[in-house]
Amino acid sequence: MIKIAPSLLSADFSKLAEELKDIEKAGADLVHLDIMDGHFVPNLTFGAPIIKALRAHTQLVFDAHLMVYNPENYIDVLAESGVEMLSFHVEVAPHADRIIHMIKDKGIKAGIVLNPGTPIQHIECLLPIIDYVLIMSVNPGFGGQKFITYTLDKISALRQLIMENNLSCLIEVDGGVNSQNVKEIIKAGADILVAGSAVFGQKDRKAAIDALR
Ligand code: DX5
Ligand code: ZN
């Protein structure tokens, strides 16, 4: 079963609790929370205090995507904020194995993120210990960008690796996902689809999620 994770980045920031309730009612499986530090990516969003405040307003699984330097500094506060999935970029993590264990020790599912230009070989040895890989299909930092098509080959190659080694690691795809390209992304091997503008950018969120399904 494919899971749909609308990204809050494209929601109306003046009414986040209502926006969350809206996608929950519309049939979303998770909510994707993009945390940016203005350094690793040229943009800023929100952090643990806002996520914590939103936790009481929805039952949706909180899937946080760290686009920050020093991701290890955010684990404790995000665990306290009710995050259930937490991913960080391999490009900023020379000690990725340690960070994965820090996340798992909090009882949170651990994911590792690859920028479009980062080969999957960089995380191959980590596959047995992580819960999911997040393949970026746009350069991180902004919603509403165009899907980078060469990332489809990375998704297929990763799916192949997971199958060959009998692993349970899931594949999440983030960036430029829409109802036109969703079929080939799923065919390549995605399990979880992040969709910002394709869901929150639409007036009728149920129709938008149904279209993706
Ligand atoms: C980009 C973020 C994405 C973004 C996706 O840096 O990681 O999660 O919100 O937005 P769309 O679906 O509009 O590309
Ligand atoms: Zn994201």
Starting at the first residue of the stretch 76-85, write each ³J(HN,Hα) from the Karplus equation 6.51 cos²θ - 1.76 cosθ + 1.60 with θ = phi - 60°, in whole Hz, x for Gly and Pro. 4, 5, 6, 4, 5, 8, x, 6, 10, 9
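Only helical DSSP H runs with n ≥ 4 go in: add -39500 (n - 2.57) per run for the chain, normalise by residue count and round the 222 nm mean residue ellipticity to 500 deg cm²/dmol.
Roughly -8500 deg cm²/dmol at 222 nm, from the helical runs in the chain.
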Taking the simple approach of a point 7 Å from Cα along Cα-to-Cβ for both ALA207 and CYS125, what is their distance in nm? 5.1 nm
Antiparallel versus total DSSP beta bridges in the chain: what percent is that, nearest 5? 5 percent
Area projected by the alpha carbon convex hull of the stretch 91-213, averaged over all directions, nm²: 8.0 nm²
Computed over the chain, protein heavy atoms only, probe 1.4 angstrom, the accessible area per residue in square angstrom equals 46 Å²
Give a quick list of trypsin sites (Lys or Arg not before Pro) in the stretch 132-174 that DSSP marks as loop, anything other than H, G, I, E or B, with at most 12 other Cβ atoms within 10 Å. LYS146
Any chance you could check the Cα centroid distance between the stretch 82-157 and the stretch 184-213 for me, in angstrom? 19 Å
When averaged across all projection directions, what area in nm² does the alpha-carbon convex hull of the stretch 1-149 cover? 9.0 nm²
Report the calculated FRET efficiency for SER156 and LYS104 (r = Cβ-Cβ distance, R0 = 35 Å), to the nearest 0.05. 0.80
Kindly list the residues of the stretch 19-38 that lie in the label zone of VAL77, defined by a backbone N under 18 Å from the point 7 Å along the Cα-to-C-beta vector. 33-38
FRET efficiency for GLN180 and TYR69 from the Cβ-Cβ distance with R0 = 30 Å, rounded to 0.05, comes out at 0.30
How many percent of the accessible area of the chain is carbon or sulfur, using a 1.4 Å probe? 51 percent
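The values are calculated or read from the model by the stated rules, or taken from the named source; none is laboratory data. Quick caveat, the model's predicted, so the values are computed rather than measured. Virtual Cβ from ideal backbone geometry, glycine too; neighbours counted across all protein chains shown. These area figures cover heavy atoms from the full protein model, side chains too; ligands, DNA and RNA do not enter into them. Shrake-Rupley method; radii C 1.70, N 1.55, O 1.52, S 1.80 Å.
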